[in-house]
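Remarks on the structure that follows.
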Amino acid sequence: MFIHNSGKYLPEQIIRNDQLTQFPKGAIPLIAQKTGILSRRHAAKEQCTSDLAANAAIDCLTKSNLDAASIDGIILATSSPDRIQPATATRVQHLIGAKNAFAFDVNSVCSGGIFALAAAKGFFQTGLANNMIVVASEVYSRFLNPSDFSTYPYFGDGAGAVLASNQAEGSLAELVDTVLHTDGSGSEVIQIPAGGTMKPADAMNLQKDSFFSMKGKEVYQFAVEKGSAILEEITTKNGLSLSSVAHVITHQANINIIQEISRRTEIDQNRFFVNLSEYGNTAGASVMIALDEFLSRGIYQAGDYLVLVAFGGGLSWGATLLRLNERRTIL
Amino acid sequence: MKKLFEVVKSVFPDAVVEKYTPATLLEDIPDWDSMNSVNLQIELENVFGVSLLDDGLDGKTSIQELMNLLKEKGAKFD
């Protein structure tokens, strides 16, 4: 599988830390200190997850000068869907005019982008598609408790996309390998408790059950442990050393997590692409948005290895090994 | 003390407050961290009607110290 282009969409509304006036003024500096986040984007009232995803997909298609009708499949990674059903990807298919594409969602929370890329590779291998859009889109602002200091400042809305193909010619990168893991014993560590069959809306007795929640300490330990281990796993599996990894894009959750993964793997922090200060944690979309910015900046050499690493609810974690091709401007 | 424990429980649902004493350390509360301590501060202000201003709960290490802070700010305990 080859990546031919990338795209992103970030809503226009920028929310800086000092605009989070519902929290004590003295606590505001803690946000930057504990997360590295300075601002985040929030979707406009009339925008939902599929709108952001469609904009990212259109950005990607425009850069590629490709008609949406040439797309055979759309995989959307999201853990903040438009509705329980149908799949949010179906509205994306309609919005972008990809009338020949099948479309479905993948929910692996913050690892969603990595899991969706792996799923796309399977469609190419089975011959079911030649061109696919893999897009990750999240609108967490709709599921956050505005009064919860332990979650609200962390997250932002956004979408990132790639155009993937089974053709190597003209591609930006080759997907060399993927590693995926899940540990369902931790399914309650990160969750939105209500709205599904376990706690349907009419059985919900606490408003907070409809909000996103996470156990911060457990998430931190999980992220640094599994994020570091999977970097080693995917490089070893492919006969590479950690020192041969030129670039790393991890899930943009928290700068302290990224710094700790850097320390544990002894991969210099300069090799980690980071954009979380601007967008916050955009959950499943974060790696895809960062990938688009990384590729657009062209800060790499042909033959460089780039590893994408994500970790999140499920618990789930995954990594993708990419070999980068010759740099070119992608608008 | 009961009211304080109720507030702690509301912010930290996994806290077994029945076993807590004034000597219980805040860092031993499940999910206690600097971000969640702000949630506790906000809830204490709401329930006890006091202002903890911008000092937050910085440097407070135990339930007893929390009690002392609230009393200092004029909170009433049953």
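The values are calculated or read from the model by the stated rules, or taken from the named source; none is laboratory data. Note that this is a predicted model, so its numbers are computed, not measured. Cβ atoms come from the backbone with ideal geometry, glycine included; neighbour counts cover every protein chain shown.
Scan segment A:289-307 residue by residue and report those that are surrounded by fewer than 14 Cβ atoms within 10 Å (Cβ to Cβ) and among the β-branched types (Val, Ile, Thr).
Hit for segment A:289-307 is A:299, nothing else.
Go through segment A:244-272 and give me each residue that's surrounded by fewer than 19 Cβ atoms within 10 Å (Cβ to Cβ), touching a residue at least 24 places away in the same chain (Cβ under 8 Å) and of a type outside the set (Lys, Arg).
Scanning segment A:244-272 gives A:244, A:246, A:256, A:260, A:266.
State whether one or more residues within segment A:249-262 are under 25 Å from residue A:150 (Cβ atoms), in contact with a Ser or Thr (Cβ under 6 Å, 6 or more places away or on another chain), part of a helix (DSSP H, G or I) and modelled with pLDDT of 95 or more.
Scanning segment A:249-262 turns up at least one residue that is under 25 Å from residue A:150 (Cβ atoms), in contact with a Ser or Thr (Cβ under 6 Å, 6 or more places away or on another chain), part of a helix (DSSP H, G or I) and modelled with pLDDT of 95 or more.
Any idea which of (1) surrounded by 20 or more Cβ atoms within 10 Å (Cβ to Cβ); (2) in contact with a Ser or Thr (Cβ under 9 Å, 6 or more places away or on another chain) is the one residue A:71 doesn't satisfy?
Result: residue A:71 fails condition (2) only.
Only one of A:191, A:259 is among the polar types (S, T, N, Q), under 20 Å from the mean Cα position of the chain (by Cα) and within 14 Å of chain B (Cβ to nearest Cβ). Can you tell me which?
Of A:191, A:259, the one residue that is among the polar types (S, T, N, Q), under 20 Å from the mean Cα position of the chain (by Cα) and within 14 Å of chain B (Cβ to nearest Cβ) is A:191.
Do you know which residues across segment A:1-34 are within 12 Å of chain B (Cβ to nearest Cβ) and either among the polar types (S, T, N, Q) or assigned to a loop (DSSP other than H, G, I, E, B) (or both)?
Residues satisfying the conditions are A:20, A:22, A:23, A:24, A:33.
Are there any pairs with C-beta distances below 7 angstrom linking a residue in segment A:21-47 that is farther than 13 Å from residue A:152 by Cα and in contact (Cβ under 8 Å) with a residue 40 or more places away in the chain to a residue that is of a type in the set (Ser, Thr, Tyr) and crowded, with 19+ Cβ neighbours inside 10 Å, with the two at least 6 apart or on different chains, and if so which?
What qualifies is A:43/A:141.
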